[in-house]
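Report on the following structure.
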Amino acid sequence: MKDTCWFCNENESNEDKVYNVAMIRRAKEMEEKNVAIPRCDECEARHRKGHTLSTLMYVGEVVLIAILLFVVKLDFIYVAIVYLILMRLLSDFSQRIRRATAKPYKAVCDVYQNEEVSELVEEGLQKRDDSR
Ligand SMILES: [Zn+2]
């Protein structure tokens, strides 16, 4: 029997579209675990769209930084400040994009709500990165 997609809790999950969460404990004895979250085709497509939009946003940031550096010829220190401010804003904005495109279902940034993931977090592990 196949699992139900964790993200929409409606469709049957597709084994090829499983969302893998790499968990890691950075300690003397490093520990790595993978949580495979069942996901259906539709949710994967929604997540992919969110990923693409958020990637485009970061590409836009790089273009803007390049323009400030090489066209506007703004001092490096100001460009660095703009970069730092943008990085913070964009990581927040990236989550909003991912949540908006995943609606009405769960987004990949919501995996902390997953039982297995949250148990590992309680054991002191953390998500390795915000992978797709
Ligand atoms: Zn689904």
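Quick note: the coordinates plus some simple rules give every number you see, no bench work behind them. These numbers were taken from a predicted model, which means no experiment stands behind them. Glycine gets a Cβ as well: all are built from the backbone with ideal geometry, and neighbour counts include every protein chain shown.
Highest mobility in the GNM of the chain, judged by mean-square fluctuation with C-alpha springs under 10 Å and restricted to K28, K17, K103, is found for K28.
Between M57, M30, M87, find the one with the highest GNM mean-square fluctuation for the chain; connect C-alpha pairs within less than 10 Å. Top of the fluctuation ranking is M30. Tell me the angle of helix 41-66 to the major Cα principal axis of the chain, expressed in degrees between 0 and 90 and rounded to the nearest ten. Approximately 20 degrees, to the nearest ten. Considering only V117, S54, A80, the residue lying farthest towards the positive end of the dipole of the chain is A80, judged by Cα position with unit charges set on Cβ. Would you mind classifying the range 15-127 by shape? Square roots of the alpha carbon gyration tensor eigenvalues, ordered a ≥ b ≥ c; an a/c under 1.5 is rounded, otherwise it is prolate if a/b is larger than b/c and oblate if not. Verdict is oblate for the range 15-127. Remark on the chain: C8, C43, C109 stand apart, with no other cysteine beta carbon under 4.7 Å. The GluC sites (Glu not before Pro) found in the range 42-132 that occupy coil by DSSP, while having at most 16 further C-beta atoms within 10 Å, are E123.
Centroid-to-centroid, using Cα positions, the range 55-88 and the range 4-28 are 34 Å apart.
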